[in-house]
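Written out below as structure tokens is the structure these notes cover.
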């Protein structure tokens, strides 16, 4: 029979949401504590909170780590539905959503990446019941039946085996119980919002218990597309989750979890902030955009941006108590499937008919660790982590019906004149609807880590901690791209004299001068020297202007004779810490920790060879026309943090304080360039800061709390 604490939850909650999240106990939404229940005559105290993100059960006040904890009561009161909501009560956490539902970026202390390229793993690791979720698409669904959420700040590589160079979000769900219980809740709100969630748990036998939960969340979009008539940024997601807890003996237990969730939403709106140089071309085609009202939540698109995300997984956690130590094994398989299509010209003109992405990610992980449970002077934990993942991506970006008119406006008709005279094709041959790029990218990633920590209790009050992690990460990537944009495949430089001559003739004709009559041209030049000089300079630059319209040039697929498509990284990270119990109520600590994240491949159409790689491709005869340089991948990230902290807890008041200096060298930055993204290592990013949270229980029925973060970032 299980010795775990049982509970009964048989309530029904109906909440009316009025568009803003109001809570009568908003001040109590600070992560850390809950009021202890007891007799009216008993003294009021703040309940001890137990956490496991350090891979060992410890109280929040005793663990010498900067961590925020949000328990189930706070989640309920604050109406936290998914990880996006979590940032409202964890000041050091910021979450941003970009052009699709799955393009979500998690940032701790100002550090984070991995939002819109499946080749980039986040610097903030997300774990649910000990299982690593490698991409944001697998992290954004509505939270299941949550017991607590632990947010660890700073590098955590010695505790977590994969890419935790900036921090960790660890979500712990409720285990099945041996007493019948359950919960149900429903929420309605404006924009036709409707959300229901519920779960049930109970025994199957005296050694087997189960739980089953489900959720459904729908809402109309709060942004309007004035061209299509659709509402954008809606909610339409649901999920199911089942668990079995099997405890054949007092020393052995198995926890089996299966889940499936789906998102099918129209998202995400992008506001036009500036009416750029191409704005007149949009208006000339009858298109619309409104840069004067970027916060109106009104846009003009010619198609709805679709987001279809499916996540599923199965995990088995086995625990065995040897007596001197506890053995834990977590085996998991997860699958994420993402299908999106966006109107990436962000106007009602049909410039791009399609910009689709189909991504399949299959992940297998295995973690095993042995944790001491003795009462001696030394506590230890050793473990290993194995990771095997495949990523397969298929993209298409295709021109729409208005693309030719758009190009003719930008080139002032020059391209139409050049097509028969220079390129030998009929007018209108280039930039036809349906031309563009079809892309396939992928990556196989295997990694393993060995990690461990030793806590040496030097005295009853002083503890020294050493943690080590060795990680090896191997990636094999590929890119296979076919461009049907025939104009982008032409090398215009050898044709520049002809292009300039024809451009000059066209400009002279616009000025009323016959370009085939040398005398007329000479007379015009003598009479209007400034105008003639302008025509000459404009004609001389015609080639470079046309080259700006070569949007989808030929691609060098990889691996090839020059580029292996492989990265092999390894690193050893460590943690050093001293913790001192200054009094029975106050603990202080000082620590230094390092972190590591392996290389990330640029699995997108922006992937380009480096300057050195380009030279080698030229030598090998593998350089198609108009090939530009860039990066194929970004090298590893290495992080470090110095931290000093204090934790104090009294009967009705508690406060946590952390001062830190954190750096990431080789930060993997994916910067928007206007027409694409540039992935590169961005030197060193550093942040100094102060974090504080406090909780006060002035009366039996009132808890007040506050939390804040001050950051001073430098790049």
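The values are calculated or read from the model by the stated rules, or taken from the named source; none is laboratory data. It should be emphasised that the depicted structure is a prediction, and the values quoted were computed from it without experimental measurement. Cβ placement follows ideal geometry from the backbone for every residue including glycine, while neighbour counts extend to all protein chains displayed.
Numbers below:
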| quantity | calculated |
| --- | --- |
| Filtered residues of region 581-626 (kept if crowded, with 19+ Cβ neighbours inside 10 Å and free of Cβ contacts under 8 Å to residues at least 24 places away in the same chain) | 614 |
| Condition met for residue 178 (in the same structural domain as residue 662 (by TED's automatic domain parsing) and part of a strand (DSSP E or B)) | no |
| Output for region 542-559, where each listed residue is farther than 30 Å from residue 406 by Cβ and buried (at least 16 other Cβ atoms within 10 Å of the Cβ) | 558 |
| So residue 326, is it assigned to a strand (DSSP E or B), modelled with pLDDT of 95 or more, surrounded by fewer than 17 Cβ atoms within 10 Å (Cβ to Cβ) and assigned by TED's automatic domain parsing to the domain that holds residue 273 | no |
| Residue within region 369-379 that is touching a helix residue (DSSP H, G or I) at 6+ places or on another chain (Cβ under 8 Å) and either in a helix (DSSP H, G or I) or not assigned by TED's automatic domain parsing to the domain that holds residue 498 (or both) present | no |
| Selection status of residue 156, in the same structural domain as residue 254 (by TED's automatic domain parsing), touching a strand residue (DSSP E or B) at 6+ places or on another chain (Cβ under 6 Å), touching a residue at least 12 places away in the same chain (Cβ under 8 Å) and under 15 Å from residue 245 (Cα atoms) | no |
| Qualifying strands (runs of 3 or more DSSP E) (wholly inside region 51-126; at least 2 residues being touching a residue at least 40 places away in the same chain (Cβ under 8 Å) and buried (at least 21 other Cβ atoms within 10 Å of the Cβ)) | 67-71, 104-108 |
| Residues of region 400-434 classified as in contact with a strand residue (DSSP E or B) (Cβ under 9 Å, 6 or more places away or on another chain), surrounded by fewer than 19 Cβ atoms within 10 Å (Cβ to Cβ) and either under 20 Å from residue 283 (Cβ atoms) or in contact (Cβ under 8 Å) with a residue 40 or more places away in the chain (or both), total | 3 |
| Region 214-236: number of residues that are under 26 Å from residue 144 (Cα atoms) and more than 26 Å from the chain's Cα centre (by Cα) | 0 |
| Total residues in region 142-163, condition over 28 Å from residue 380 (Cα atoms) and in contact with a helix residue (DSSP H, G or I) (Cβ under 9 Å, 6 or more places away or on another chain) | 3 |
| When residues of region 303-321 are limited to those that are surrounded by fewer than 19 Cβ atoms within 10 Å (Cβ to Cβ) and either free of Cβ contacts under 8 Å to residues at least 60 places away in the same chain or touching a helix residue (DSSP H, G or I) at 6+ places or on another chain (Cβ under 9 Å) (or both), the one farthest from residue 359 (Cα to Cα) | 314 |
| For residue 183: the one exception among (1) modelled with pLDDT of 95 or more; (2) farther than 23 Å from residue 313 by Cα; (3) outside any loop (DSSP other than H, G, I, E, B) | (1) |
| Residue in region 679-690 that is over 24 Å from residue 62 (Cβ atoms), assigned by TED's automatic domain parsing to the domain that holds residue 122 and surrounded by fewer than 16 Cβ atoms within 10 Å (Cβ to Cβ) present | yes |
| Complete set of residues in region 154-175 that are at negative phi and part of a strand (DSSP E or B) | 168, 169, 170, 171, 172, 173 |
| Filter result (surrounded by 18 or more Cβ atoms within 10 Å (Cβ to Cβ) and either touching a helix residue (DSSP H, G or I) at 6+ places or on another chain (Cβ under 9 Å) or more than 30 Å from residue 272 (Cβ to Cβ) (or both)) within region 215-240 | 215, 238, 239 |
| Qualifying residue in region 472-494 (condition: within 30 Å of residue 325 (Cβ to Cβ), assigned by TED's automatic domain parsing to the domain that holds residue 584, buried (at least 18 other Cβ atoms within 10 Å of the Cβ) and under 44 Å from the mean Cα position of the chain (by Cα)) | yes |
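Residue-by-condition table, conditions (1) within 20 Å of the chain's Cα centre (by Cα); (2) touching a residue at least 40 places away in the same chain (Cβ under 8 Å); (3) closer than 30 Å to residue 130 by Cα:
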| position | (1), (2), (3) |
| --- | --- |
| 328 | no, yes, yes |
| 336 | yes, yes, yes |
| 340 | yes, yes, yes |
| 344 | yes, yes, no |
| 348 | no, yes, no |
| 353 | no, yes, no |
| 356 | yes, yes, no |
| 362 | yes, no, yes |
